[in-house]
1. With the checklist (1) of a type outside the set (D, E, K, R); (2) modelled with pLDDT under 95; (3) under 24 Å from ILE14 (Cα atoms) in hand, flag the one item TYR288 doesn't pass.
2. Look through the stretch 39-55, keep the residues that are surrounded by 21 or more Cβ atoms within 10 Å (Cβ to Cβ) and at pLDDT 85 or above, and return whichever of them is farthest from the chain's Cα centre (by Cα).
3. Given the structure, is ALA407 under 22 Å from LEU317 (Cβ atoms) and modelled with pLDDT of 95 or more?
4. Please go through the stretch 200-253 and give me each residue that is of a type in the set (Lys, Arg), in contact with a strand residue (DSSP E or B) (Cβ under 8 Å, 6 or more places away or on another chain) and farther than 30 Å from ASP168 by Cβ, ordered by number.
5. Output the number of residues of the stretch 298-308 satisfying the condition of being closer than 13 Å to ARG330 by Cα and either surrounded by 17 or more Cβ atoms within 10 Å (Cβ to Cβ) or not assigned by TED's automatic domain parsing to the domain that holds ALA264 (or both).
6. So if I check each of LYS246, LYS213, LYS265, LYS256, which one is more than 21 Å from GLN427 (Cα to Cα) and not assigned by TED's automatic domain parsing to the domain that holds ILE39?
7. Tell me, please, whether a residue that is surrounded by fewer than 22 Cβ atoms within 10 Å (Cβ to Cβ) and more than 17 Å from HIS229 (Cα to Cα) can be found in the stretch 391-411.
8. Give, as residue ranges, the strands (runs of 3 or more DSSP E) completely inside the stretch 292-404 that count at least 3 residues that are in contact (Cβ under 8 Å) with a residue 40 or more places away in the chain.
Amino acid sequence: MPTPVLMPQMGESIAEGTIVRWIKKVGETVDRDEPLFEISTDKVDAEIPAPAAGVLTEIKVKEGETVAVNSVVATIGAASEVSKEERSNRASAPAPSLDSVVPRDVDAPVKPGATPRKTNGRTASKPTDDDSRKQRSSPLVRRIAKDNDVDISQIHGSGLGGRVTKNDILEFLETGTRDSGSGIREEVHAPESRIPSPESRVEIKPLSVMRRKIAEHMVMSRRTSAHVHSVFHVNFSTVERIRQQKKAEYEQLGAKLTYMAFIAKAVVSALRRFPIVNASLDGDNVIYKKDINLGIAVALESGLIVPVIKHADEKNLLGLSRAIADIATRARAKQLKPEEVHDGTFTITNPGQFGSQFGMPIINQPQVAILGIGTIEKRPIVVDDAIGIRTMAYLTLGYDHRLVDGATGDQFMFEVKQQLENFDAAQ
């Protein structure tokens, strides 16, 4: 029986996903759990595995299209089930030409005998059959050329296949020279008015699917929750001492002992004492979660994703260390499973790894609180009426004031602070 391939739900608040890339083509054999296609949402960019072994018989959603979760995007079946239309299309498809292999925008070729026109004060003939080539340039380059009345055919492109790049046309405008194609630089006297305006020195790119979804999700969270933030200055000296003592032991066990594991352990303890911070709000109902599922924000080049450590309250310090390293590694490799970005109850984000002292994080809906970690470093502080050097950091709790009062938020943070400053090495 054919197996339908569905758009997965990569998070409880996600309603749709975008096909970024098909890793397999129609007619190709796939194994169960082999990467089949790549999707993008506001939660994660991920490679989605095949739900069954067989042959990819049909692709219903093209690259770049966005569809609702649980929509059928493809079908896996036997080789004989590849549609006649698909087989016909593949059989009749022409072999790609060199021009189609090189991605570019192409201006229409100029016919022989075209009337010369003035360019930068000089008479420039359009290319003829003897020297004609399809001028290659991007829309940005053509716009700069149009704004400055420049004939692109006068510029020898340095890009692939003679493509005129942005640097080529800017150099042409700034230096008043062009490359004749023979290595000889010719001087061109360009009027002052043809120096590109600041508006032309830009590069315009559309938002990625992930970036657009993040933007929508963050604006929605701001509109939904009454954000309040509390900042606590926490002494990590005890944590640092334990970390140094146990570092080698953890490495032998295949784990890296980081500050994040200590913080996660302290947060779990505080969430047990203050279950309202682990809850969510659904209309007029408060939903108290029995499980503590920690979301750990992971920074990627394209955005931020939040994989979830399920049942974090059942793990000791070693277990948390392993879990944090595992989800971060697989998140960056786009190997997270759909269920690993679901059902988070509390999120920890770490802008301090990039040097930030502290931030005001936005709540990850439908949760009601998020913890931001500032940079952890040695600072001078007052100790028993004297100046001492201690390992310190600012921790910021962002919480939804519709459900969590300021007193509760501060009590929660005081519990986290106490746990970290008096950490039990036996945990």
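1. The one condition TYR288 does not meet is (2).
2. Per the criteria, the residue is ALA50.
3. no
4. First, pick out the residues of the stretch 200-253 that are of a type in the set (Lys, Arg): 201, 205, 211-213, 222-223, 241, 243, 246-247.
Retained after the next criterion (residues that are in contact with a strand residue (DSSP E or B) (Cβ under 8 Å, 6 or more places away or on another chain)): 211, 213.
Result: LYS213, single match.
5. Filtering the stretch 298-308 down to residues closer than 13 Å to ARG330 by Cα leaves 298-300, 305-308.
Of the ones still in play, those that are also either surrounded by 17 or more Cβ atoms within 10 Å (Cβ to Cβ) or not assigned by TED's automatic domain parsing to the domain that holds ALA264 (or both) are 298, 305-308.
Selection size over the stretch 298-308: 5.
6. LYS213
7. Looking for residues that are surrounded by fewer than 22 Cβ atoms within 10 Å (Cβ to Cβ) and more than 17 Å from HIS229 (Cα to Cα), one finds at least one in the stretch 391-411, hence yes.
8. It comes to 294-296, 303-305, 346-349, 369-373, 386-400.
The values are calculated or read from the model by the stated rules, or taken from the named source; none is laboratory data. All values reported here derive from a predicted model rather than from experimental measurement. When we count neighbours, we look across all protein chains shown, and the Cβ atoms used for this are built from the backbone with ideal geometry, even at glycine.
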